[in-house]
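The values are calculated or read from the model by the stated rules, or taken from the named source; none is laboratory data. The structure presented is a predicted model; accordingly, all values stated were derived computationally and were not measured. All Cβ positions, glycine included, derive from the backbone under ideal geometry; neighbour counts span all protein chains shown. Quick note on the areas: whole protein, heavy atoms, side chains included, nothing else; ligands and nucleic acids left out. Shrake-Rupley method; radii C 1.70, N 1.55, O 1.52, S 1.80 Å.
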Amino acid sequence: MKQLLRRLRQNKLTAEQVRQSGKVPSHIAIIMDGNGRWAKKYGLPRAAGHHTGMKNVRKIAVAASEIGVKVLTLYAFSTENWKRPKEEVEFLMKLPQEFFPLEIQELLDHHIQVRMIGSKERLPAYALEPIEEAIERTAGNQGLILNFAINYGSRMEIMEATKQIARDVADNRLRLEDIDECTMSERILTADLPDPDLLIRTSGELRLSNFMLWQLAYSEFWFTQAFWPDFDEQLFFSAVREYQNRKRRYGGL
Ligand code: FPP
């Protein structure tokens with residue numbers, strides 16, 4: 001109650017206000033960018049930026065859950081990020097073993113279900129195990145799906161789905177003339193999730209960086225100059241409020 005009154009006095013949006021001001025996106029996808037530049041701004045090593053960025057995940061996941069978002073997909077590591085210096089890749093790979101033990105109780109308290117999209121193949125065991133444990137422990141939760149895109153690349157995802165389709169046709173499980181958009185949607189990594197309604201990218205960059213190319217076909221985009229570690233609930237709520245004022249036409253009138 002005290003917190004709510006403080007927020008109202010400071011003219012800050014509350015989760016309740018956002019929920020009541022229009023349709024809340026079912027699926028929000030975020031490209032969490034700008035950790036390195038955030039660190040530079042404060043004269044800190046890049047790792048400090050990633051660490052502060054990791055801590056921000058809980059705040060935004062809880063805010064998403066409080067306004068009734070069903071799925072929040074966070075781009076945490078792309079298939080291209082392996083090109084970064086070895087020490088930085090190692091640091092990023094070690095984040096799950098800190099994040100999940102630290103935040104699991106909060107995730108459970110909010111009935112959040114953890115998931116992952118991306119290839120597990122190249123991930124070291126020390127990264128994969130805490131993720132898999134969190135997935136297992138939260139599997140029964142019915143709240144927000146917190147979907148981490150880790151070692152994820154959309155072209156790879158589409159390519160793999162295409163191979164599956166080709167195999168199904170070659171083995172007479174699928175007829176060429178029956179291929180439609182669902183044929184692809186059912187074979188990509190988000191097969192059981194709705195497409196994102198809203199894509200957010202932080203740090204002022206205006207590109208997709210191989211993220212959910214198929215799924216974002218009709219999503220609304222929202223960009224902010226803020227670096228990911230500075231992206232707070234208020235900015236998140238502003239993005240949702242702007243989404244609520246957009247007219248989605250899906251190519252129609
Ligand atoms: C992009 O910023 C950010 C990343 C490549 C890493 C994002 C990961 C997190 C925020 C933590 C995820 C948490 C878990 C638990 C997996 P950048 O380094 O490209 O920033 P720059 O463009 O300013 O250099």
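Considering (1) away from the ligand (no atom under 11 Å from the Cβ); (2) closer than 30 Å to residue 142 by Cα, say which one residue 87 fails and leave the rest.
So the condition that residue 87 fails would be (2).
Inside the stretch 16-36, can you point out the residues that are part of a helix (DSSP H, G or I), away from the ligand (no atom under 16 Å from the Cβ) and open to solvent by less than 40 Å² (accessible area, probe 1.4 Å)?
Here is the first cut: in the stretch 16-36, the residues part of a helix (DSSP H, G or I) are 16-20, 35-36.
Still in the list and also away from the ligand (no atom under 16 Å from the Cβ): 16-20.
The one that is part of a helix (DSSP H, G or I), away from the ligand (no atom under 16 Å from the Cβ) and open to solvent by less than 40 Å² (accessible area, probe 1.4 Å): 18.
Filter the stretch 158-203 down to residues that are charged (D, E, K, R) and in contact with a strand residue (DSSP E or B) (Cβ under 8 Å, 6 or more places away or on another chain) and give me whichever is nearest to residue 222 (Cα to Cα). Let's see the steps before the verdict.
Step one: list which residues in the stretch 158-203 are charged (D, E, K, R), which gives 160, 163, 167-168, 171, 173, 175, 177-178, 180-181, 186-187, 192, 195, 197, 201.
Those still in the list that are in contact with a strand residue (DSSP E or B) (Cβ under 8 Å, 6 or more places away or on another chain) too: 195, 197, 201.
Details: 195: 16, 197: 11, 201: 7 Å.
Of everything passing the filter in the stretch 158-203, 201 is nearest to residue 222 (Cα to Cα).
Would you pick out the residues in the stretch 92-103 that are aliphatic (A, V, I, L, M) and open to solvent by less than 20 Å² (accessible area, probe 1.4 Å)? Even if it seems obvious, please write down each step before you answer.
Start the filter on the stretch 92-103 by keeping residues that are aliphatic (A, V, I, L, M), which leaves 92-93, 95, 102.
Across the stretch 92-103, the qualifying residue is only 93.
Look through the stretch 209-222, keep the residues that are touching a Ser or Thr at 6+ places or on another chain (Cβ under 8 Å) and of a type in the set (Phe, Trp, Tyr), and return whichever of them is nearest to the ligand (Cβ to nearest atom).
Going through the qualifying residues, I end up with 211.
If you go through the stretch 56-78 one residue at a time, how many are within 13 Å of the ligand (Cβ to nearest atom) and either among the acidic types (Asp, Glu) or crowded, with 18+ Cβ neighbours inside 10 Å (or both)?
Residues of the stretch 56-78 that are within 13 Å of the ligand (Cβ to nearest atom), as a first pass: 56-61, 72-78.
Still in the running and either among the acidic types (Asp, Glu) or crowded, with 18+ Cβ neighbours inside 10 Å (or both): 56-57, 60-61, 72-78.
Residues flagged as within 13 Å of the ligand (Cβ to nearest atom) and either among the acidic types (Asp, Glu) or crowded, with 18+ Cβ neighbours inside 10 Å (or both) within the stretch 56-78 amount to 11.
Can you tell which of 198, 206 is more than 16 Å from the ligand (Cβ to nearest atom), closer than 30 Å to residue 37 by Cβ and at pLDDT 95 or above? Steps first, answer last, please.
Numbers: 206 fails: more than 16 Å from the ligand (Cβ to nearest atom).
Testing whether each residue is more than 16 Å from the ligand (Cβ to nearest atom), closer than 30 Å to residue 37 by Cβ and at pLDDT 95 or above leaves just 198.
Answer yes if at least one residue in the stretch 217-230 is touching a residue at least 40 places away in the same chain (Cβ under 8 Å), open to solvent by 60 Å² or more (accessible area, probe 1.4 Å) and hydrophobic (A, V, I, L, M, F, W, C), and no otherwise.
No, because not a single residue in the stretch 217-230 is touching a residue at least 40 places away in the same chain (Cβ under 8 Å), open to solvent by 60 Å² or more (accessible area, probe 1.4 Å) and hydrophobic (A, V, I, L, M, F, W, C).
Where the second residue is away from the ligand (no atom under 11 Å from the Cβ) and open to solvent by less than 20 Å² (accessible area, probe 1.4 Å) and the first is on the phi > 0 side of the Ramachandran plot and lies in the stretch 57-85, which pairs have Cβ atoms under 6 Å and are six or more apart or on separate chains?
none
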